[in-house]
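Have a look at the structure below, then the notes.
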Amino acid sequence: MAAPTKQYGTTPPINTNPPTKEDTERNAELVEELKNQNCFEAKSESDRRVQVLEILQTLAENFVKRTCMTKGYPEHMVHNSGGKVFTFGSYRLGAYGPGSDIDTLLVAPNHISRADFFQHVPGMLLELNPPAEEVSPVPDAFVPIIKFELQSISIDLIFARVPSVNSVPRDMSLENKELLKGCDEPNLRGLNGVRLTDELLGLVPHPGNFRMALRAIKLWAKSRAIYANVMGFPGGIAWAMLVAKICQLYPMAVSAVIVSKFFIIYTKWKWPQPVLLKDILEEGGQGNGLRVWNPKIYPSDRNHLMPVITPNYPCMCSTHNITKSTKSVILREMERAHGIVNEIMTGKAGWSKLFQPHTFFTQDYRYYLRVLAAARTKDEQLKWSGLVESKLRHLVSRLELLENIQLAHPFNKGFEYEVECDTEDEAFRVARGEHLGKGIANSNPADGESEDKPDKIKVYTTSFYIGLVLDTSKAKQFDISWACQEFYDMCKTWNLYNEDAHSINVLHTRNWELPHNVFKAGETKPQKKTKVIKRKVANGTALKKRPAEEGREKGFAKNTEELRNRGETNMSHSPRTLLGTTLKELAFRTCR
């Protein structure tokens, strides 16, 4: 491996020594562990991804044609406007594995709008043969997106129009910064996703070592449930940039050393000092005048807690979603990993220890909030739950403002549950989270049973969980009504919201009350703790023992029904049809 001849990054490297024999051994062990963890995809599966992308390319061209025809444009525009699908993220970087989704961008000419994209593309996906499944448009997300599965491959599809062109041919490149002229923020974010991925590989000394290290860091982040931009954790491209920085600081290091140094560097990083892969370019050399990340000028940029800045113009913060709580969780996980890799690099432990699964539900918290989104049909629930998920980090940030909540840790994914009910009353109660009825989670009509049962009422639910660390020394009562109300109002502003079709509730649950579907095979569900209360006679002799719920006196009110019975919460209800209930306030107590 030849020594790099240039400096990568904004600062000189820390170490340029070639790998030692021990480094090489640890690296071989890392690669073997990644194979054991099924991090590499078979060639047949990779070929299927290529086929799916070709289907999407054809769909993009047909979408542009259909839109042009609908708007009555001349025939030459219908046939010459083009349209192209680009990939970005982990797939474009070459650091994906079995089951990974593909981040894709549909680029259209200036006469096609984002509204056209959301009007036509979801339906066109369902017209494919075989049709796309789980089609979930989320037009109101920070990055408007359509999520779906095509031939069992998960796709995240976003949209961008290029204001300066009236045709997008198949061989179009996005490298030219002139294409950014006139772009609004959503279009800019879409185009820059592709441009960033291409530039990133040119900013690391040895792309092969970078890719292998990135596979390891992604596996670690997913195993520890800290991989999800929408939930306030770094997403795939942010983790990639964090790894790339270490590659720049240790340009001769093999992948195992890069992973080891990753945790050493970032546990000591002086946040909010930004992570930069190159100097920030203010104007891009084209006089475009686009907004560039600059905390000295923009107050919102000063609020970024762990800024990781994209290297391409206009430079943006890829980790703006991180909150005070998720930052604490990330640093806690990095500290844990730091200790483990020290053992690994000295031969005292194997790599599998680094990738042990999270303990979010089994050990980490006693109290949780469950955000329950529900709808009557599967299609409605896909859209509704996607909207709720995109707003969840705002609930977390508001909970953090309450002095009695020390930490609000969102889990990085939701749990779907389909419930069959016998009556409208039961369906109404399921939507409020009072019980799960006859759950048929992960139901599949291919198992031989008909999915349609006319005598049953189905409710489709998605639950998101937030682990809480509470300060019980400051108050006996915990009132989160304000935070929940603002979160509810955010969700209700969705232009497709219908209080008779959509339901959202925030419920409290303790660890031993968690449903079974959040636990993986082999995990142990926490048990309700009991304590013994001794009844004494006058001489102090223990007469009798009886179990009592630990925490009943200093626990939360179990749910909103109990709170309402106590007169501690004000609930507002629509007519008692399915999903008519709406959250107005939620309060809970804890007594010392």
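Readers should treat all values here as calculations from the given coordinates under stated rules, not as data from a laboratory. The structure displayed is predicted, hence computed values, not measured ones. Glycine gets a Cβ as well: all are built from the backbone with ideal geometry, and neighbour counts include every protein chain shown.
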Quiz prompt | Ratio Rg/Rh, restricted to segment 40-195 and using Cα atoms, in which Rh is the Kirkwood radius | solution = 0.95
Self-check item: segment 173-227: C-alpha gyration tensor shape, a/c 1.5 cut-off, then a/b vs b/c
Solution: oblate
Quiz item: How compact and how long is segment 96-158, expressed as Rg and Dmax of its alpha-carbon atoms in Å?
Solution: 12.0, 38
Quiz prompt | Cβ-based net charge around Gln248, under 14 Å, with every Lys or Arg adding one and every Asp or Glu removing one | solution = +2
Practice problem: Give a residue-ordered list of calculated ³J(HN,Hα) values for segment 373-387 (Karplus: 6.51 cos²θ - 1.76 cosθ + 1.60, θ = phi - 60°; whole Hz; x for Gly, Pro). | Solution: 10, 9, 8, 7, 10, 5, 5, 5, 5, 4, 5, 5, 5, x, 5
Self-check item: Cut-off 12 Å between beta-carbons: net charge of the residues surrounding Lys268, Lys and Arg +1, Asp and Glu -1
Solution: +1
Quiz item: If you add up the charges near Asn342, with Lys and Arg at +1 and Asp and Glu at -1, over every other residue whose beta carbon is less than 13 angstrom from its beta carbon, what do you get?
Solution: +3
Exercise. Averaging sequence separations of C-alpha pairs under 8 Å and six or more residues apart, then dividing by the length of segment 245-336, give the relative contact order as a whole percent.
Key: 27 percent
Exercise. Run through the DSSP bridge list for segment 43-197 and note the antiparallel percent, rounded to the nearest 5.
Key: 65 percent
Practice problem: Using a/c under 1.5 as the rounded threshold, could you call segment 1-83 rounded, prolate or oblate? The axes a ≥ b ≥ c are square roots of the C-alpha gyration tensor eigenvalues, and prolate needs a/b larger than b/c, oblate otherwise. | Solution: oblate
Quiz item: With a 10 Å Cβ neighbour count serving as the proxy for reagent exposure, in which order, fewest first, do Arg195, Arg189, Arg170 appear?
Solution: Arg170, Arg189, Arg195
Quiz item: What order, most packed first, do the peptides 76-88, 255-267 have when packing is the mean number of other Cβ atoms within 10 Å of each residue?
Solution: 255-267, 76-88
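Checking the a/c ratio against 1.5 first, then a/b against b/c, what shape does the Cα gyration tensor give for segment 331-386? Don't skip to the answer; put the middle values down first.
Values: a/c = 4.21, a/b = 2.69, b/c = 1.57.
It is prolate, given that a/c is not under 1.5 and a/b is the larger ratio.
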